[in-house]
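Read the structure below first, then the notes.
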Amino acid sequence: MKLATIENGTRDGGLVVVSMDGERYLAPGTVSTLQQAIECWDECAAEFQALSGRLESGDGAATGTVKIAAPLPRAWQWLDGSAFDTHGELMQRAFKMDPIEHDKPLMYQGLSHQFYGPTDDVPFVSEADGIDFEGEFGVVVDEVPMGTRSKDAMRYIRLLVQINDWSLRTIAPKEMKTGFGWVQAKPACSVAPFAVTPDELGDAWKDGRVNLDLEVRWNDERFGNANGGEMSVGFHELVAHAAATRTLCAGTIIGSGTVANANYREVGSSCISERRSIEMLDAGAPVTPFMSFGDSVFMEARNKDGSVLFGAIDQRVVED
């Protein structure tokens, strides 16, 4: 099942069920937003399935006639992990940082009151802030009870999403040194148009991981094609970590962190900072610049049969 939110002049947009090819949609009658749908999932799922069946029979209006927003244009909570060891190790080696000693998943809480839609222009104040994209996968959960263990956490994952977690790289080190975490370095994220139920991935959804390649293009040139299956911990473990001492509200979004693979020289990277780290290790200094106003970034993960899954993020960086 595939869900989306269309812009309708309200802060949360209008919920629609989308055909598997992403070409048609129908609006449910019981709820009007995705947040409401997550909060009453068990009661609403049958209607969504019925609408999905109608769409596959050719019913519905064309998605090309509406503007699609982020599935959740705003959410109660956004938590981002760092679950790809290769990414963290490259950054640590390049910047000569001591390894982070931890026996739990790494995670921070970010801005959640705004998520950019998949084709929105994304404004920034200054190119000097080090504008960078970060390709990720994420999950949207139902309410998760405090103390939920990882072996039980999969049952609360309702939807999977694809995310561009924007970062401002020259600000981040300064904020990290304070010990209080990121604020200015982490603006709003962007999200691909469609949120999908895990069953739509087939065997690509395994062990709480999205085992699909995430294609990233910068200014129409290939940048990376890393696979989401190399997470050091699965999404179920990230959910359990986040819920260890608090209940997670329905609609919480949890990200994987930047998708990265050990064979990065073959598959490339999902963010500029990682490529710069590789350049620093190879040649002693970074060569690749960060983004400039007018630059574009494209991200898309298709299913193993090549079919549309989350749809594409296709955006341009602009001056605020």
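Can you list residues whose amide H is under 5 Å from residue 159's amide H, if they're 5+ apart or on another chain and H is modeled 1.01 Å from N? HN-HN under 5 Å from residue 159: 140.
Nearest 20 debye, what's the magnitude of the dipole of the chain about its Cα centre given +1 on Lys and Arg Cβ and -1 on Asp and Glu Cβ? Numbers along the way, then the final one.
Details: 28 positive and 48 negative charges, 96 e Å.
Rounded to the nearest 20 debye, it is 460 debye.
Summary value for the stretch 3-154: 22 percent relative contact order, contacts being C-alpha pairs under 8 angstrom separated by 6+ residues. Between 228, 185, 66, the Cα set farthest toward the positive side of the dipole of the chain (charges on each charged residue's Cβ, about the Cα centre) is that of 185. Each of 91, 154, 146, 231 has its accessible area taken with a 1.4 Å probe; listed largest first, they run 146, 154, 91, 231. For the stretch 172-204 versus the stretch 270-309, the spacing of their alpha-carbon centroids is 15 Å.
Listed by chain and number, the lysines whose C-alpha is less than 16 Å from the C-alpha of residue 206, apart from same-chain residues fewer than 8 away, are 151, 304.
Please state the shape class of the stretch 144-237: rounded when a/c is under 1.5, otherwise prolate if a/b exceeds b/c and oblate if not, all from the C-alpha gyration tensor. It comes out oblate by the Cα gyration axes. Summary: within the chain, the longest segment free of chymotrypsin sites (Phe, Trp or Tyr not before Pro) located in DSSP loops with at most 14 other C-beta atoms within 10 Å is 181-292.
Surface composition of the chain: carbon plus sulfur atoms hold 49% of the accessible area, using a 1.4 angstrom probe and ignoring ligands, DNA and RNA. Computed from phi, the 3J(HN,Hα) profile of the stretch 297-306 under the Karplus parametrisation 6.51, -1.76, 1.60 (θ = phi - 60°) reads 9, 10, 9, 7, 10, 9, 5, 4, 8, x Hz, with x in place of Gly and Pro. State the label only: which of (1) 18.1; (2) 22.9; (3) 15.9 corresponds to mean projected area of the Cα convex hull in nm² computed from the shown model? Comparing each candidate, only (3) matches the computed number. Give the percent of DSSP beta bridges with both residues in the chain that are antiparallel, rounded to the nearest 5. The antiparallel fraction comes to roughly 85 percent. Label zone of residue 8 (point 7 Å out along Cα→Cβ, amide N under 18 Å): in the stretch 171-195 this covers 194-195. Pop the C-beta distance of residue 279 and residue 21 into the FRET formula with R0 = 45 Å and round what comes out to the nearest 0.05. The value I calculate is 0.70.
Let a ≥ b ≥ c be the square roots of the eigenvalues of the Cα gyration tensor of the stretch 32-155; is it rounded (a/c under 1.5), or, if not, prolate (a/b larger than b/c) or oblate? Oblate, because a/c is 1.5 or more while a/b does not exceed b/c.
Using 0.36 nm per residue and subtracting the Cα-Cα separation, the extra length available between residue 109 and residue 121 on full extension is 1.9 nm.
Bridging of residue 67 to lysines at a Cα separation below 21 Å is possible for 2, once same-chain residues fewer than 8 apart are set aside. Of all lysines in the structure, the ones whose alpha carbon falls short of 30 Å from that of residue 174, not counting any fewer than 8 places away in one chain, are 96, 104, 186.
The values are calculated or read from the model by the stated rules, or taken from the named source; none is laboratory data. Predicted, not measured: the structure shown is a model, and the values here were computed from it. Note that each Cβ is placed from the backbone with ideal geometry, even for glycine, and that neighbours are counted across all protein chains shown. To get the accessible areas, we keep the full protein, side chains included, count just its heavy atoms, and leave off ligands, DNA and RNA. Shrake-Rupley method; radii C 1.70, N 1.55, O 1.52, S 1.80 Å.
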